[in-house]
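**Student:** Got a structure for you, written out below as structure tokens; questions coming shortly.
Please treat every number below as a calculation from the coordinates, not as lab data. These numbers come from a predicted model, not from an experiment. Cβ coordinates were reconstructed from backbone atoms using ideal geometry, including for glycine residues, and neighbour counts include every protein chain displayed.
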Amino acid sequence: MLHLPPTLDTYRDQRDTHAPRDFADYRTTTLRHPSQPLTLLPQRLTEITGPVLGDGRVQKGDADLTLANGGEAQGQRIIVHGRVLDSDGKPIPHTLIEIWQANAGGRYRHAGDNWPAPLDPHFNGVGRVMTDNLGNYRFTTIRPGAYPWGNHHNAWRPAHIHFSLFGQAFTQRLVTQMYFPDDPMFFQDPIYNSVPDGARQRMISVFDYSATEANWALGFRFDIVLRGRNATPFESDDHDD
């Protein structure tokens, strides 16, 4: 049987879930968003087969961001866990999740981040893990701090953790941000507010007392749906803050 590639008009309109590529309040999108019509590229074998990542690509300790360079990171320890699901609610097993984030002071370990918050010599801000047979994942990290950015007057990004993950194929890659409940900076953050109101809640983690480890770390749950009606809102390529 001949399988023809899908056309642009066969894709479901997901503007009720994902942020527009050009959002006036998020100033950098004005110059960086795609300005030409989408071009559908045919899916070849490398796109329709799952990424060959495997447990061998993940080293022992990669899921614990609190220990680095011979010491322990400063800040409030947290456990971030959840499940990765497909559009039918089925778990996505053995898929790679990578995270990156600012430290407790709101600073990234990156040459381009030079605002005067201290760098933590024992926090690199990156981690990775593979989901288990039921799509579960778990990270131990530090709750990130808010940080200023030059988008508008007195602009601060809410505390957040970046996620990158694959589904069962490269075309199912999702990049998103996880926020924390009741953050006071939501009201003025254009990245968060660019997502349609009905979908924003899917980017906010839930405090999970059952995942809290007594006298050691708080727990937060963040389930991720890769595609479909309940998909987690993703970042387009021009969102990298």
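**Student:** What is the local net charge at Ser210, summed over the other residues whose Cβ is closer than 15 Å to its Cβ (Lys, Arg +1; Asp, Glu -1)? Please list the in-between numbers first.
**Tutor:** On the way: positive: Arg83, Arg138, Arg221; negative: Asp208, Glu213, Asp223.
Local net charge: 0.
**Student:** In the neighborhood of Ile79, defined by Cβ-to-Cβ distances under 9 Å, what is the net charge if each Lys or Arg adds +1 and each Asp or Glu adds -1?
**Tutor:** 0
**Student:** What order do you get for 81-89, 112-120, 59-67, 97-105 when each peptide is scored by the mean count of other beta carbon atoms within 10 Å, highest first?
**Tutor:** 97-105, 81-89, 59-67, 112-120
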